[in-house]
Amino acid sequence: LVLKGLEALYGSSAKAKEALQAISPPLSVDGPDADVEIIGAQLSAADMAAMYQSADAYVSASMAEAFQLPLAEATAAGLQVVAPAGGAAEEIIDSRHAVLAPSILEPRSSGRGFVVRVDEAGLKEAMTFVLTNK
């Protein structure tokens with residue numbers, strides 16, 4: 001499993017490691033035999049294309065990705081996509097190549113805009129479906 005983020009902007013690697021180690025059984029995130037690789041660096045377009053081409057599927061659990069450009073890139077690379085229902089995802093991806101996970105649109109605490117809260121059980125179910133129905 002590869003998790004791609006942008007550490008300089010979001011600082012999410014520590015949060016991802018904590019969440020992955022809370023899973024039962026915990027997933028290892030360090031070392032050459034790790035279950036999960038976390039990539040926090042900005043990658044070139046060629047490196048991103050290579051990563052998409054080597055993937056089995058693309059999963060977005062983003063709560064606030066405005067345009068969802070990675071979804072469009074993954075779809076263009078021919079990947080099956082799992083994304084939260086609601087927001088930009090439904091406008092960008094082709095339903096023939098995607099499974100939308102249940103979610104709730106919640107107003108931001110600032111009162112400006114919304115956050116898409118993904119149902120974790122629904123996301124897991126959608127991921128399982130995509131990986132078992134290739």
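The values are calculated or read from the model by the stated rules, or taken from the named source; none is laboratory data. Here the structure is a predicted model, which means the values were calculated and not measured. Cβ sites come from the backbone with ideal geometry, for glycine too, and all protein chains shown count toward neighbours. Areas reflect the complete protein model, heavy atoms only, side chains present, ligands, DNA and RNA absent. Shrake-Rupley method; radii C 1.70, N 1.55, O 1.52, S 1.80 Å.
Values for this structure:
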item: Residue that is least open to solvent (accessible area, probe 1.4 Å) [pool: residues in segment 1-11 that are more than 22 Å from residue 56 (Cβ to Cβ) and in a loop (DSSP other than H, G, I, E, B)]; result: 11
item: Residue 84 being modelled with pLDDT of 80 or more, of a type outside the set (S, T, N, Q), closer than 19 Å to residue 119 by Cβ and buried (at least 16 other Cβ atoms within 10 Å of the Cβ); result: yes
item: Segment 16-40 residues that are closer than 11 Å to residue 2 by Cα and in contact (Cβ under 8 Å) with a residue 24 or more places away in the chain, paired with ones that are open to solvent by 80 Å² or more (accessible area, probe 1.4 Å) and aliphatic (A, V, I, L, M) (beta carbon under 9 Å, 6 or more apart); result: 35/1; 36/1; 37/1; 40/8
item: Segment 15-39, residues that are over 23 Å from residue 52 (Cβ atoms) and in a loop (DSSP other than H, G, I, E, B); result: 23, 24, 25, 26, 28, 30, 31, 32, 33
item: Complete set of residues in segment 1-49 that are closer than 26 Å to residue 128 by Cα, touching a helix residue (DSSP H, G or I) at 6+ places or on another chain (Cβ under 6 Å) and not β-branched (Val, Ile, Thr); result: 3, 13, 27, 40
item: Any chance residue 18 is under 16 Å from residue 61 (Cβ atoms) and open to solvent by 80 Å² or more (accessible area, probe 1.4 Å); result: yes
item: Tally of residues being touching a residue at least 24 places away in the same chain (Cβ under 8 Å), over 12 Å from the mean Cα position of the chain (by Cα) and exposed (fewer than 14 other Cβ atoms within 10 Å of the Cβ) across segment 44-64; result: 2
item: Where residue 125 falls short, out of the listed (1) over 16 Å from residue 1 (Cβ atoms); (2) open to solvent by less than 50 Å² (accessible area, probe 1.4 Å); result: (2)
item: Members of segment 107-125 that are modelled with pLDDT under 85 and either farther than 13 Å from residue 61 by Cα or of a type in the set (Phe, Trp, Tyr) (or both); result: 108, 113, 114
item: Residue match in segment 93-104 (condition: closer than 18 Å to residue 2 by Cβ, aliphatic (A, V, I, L, M) and surrounded by 14 or more Cβ atoms within 10 Å (Cβ to Cβ)); result: no
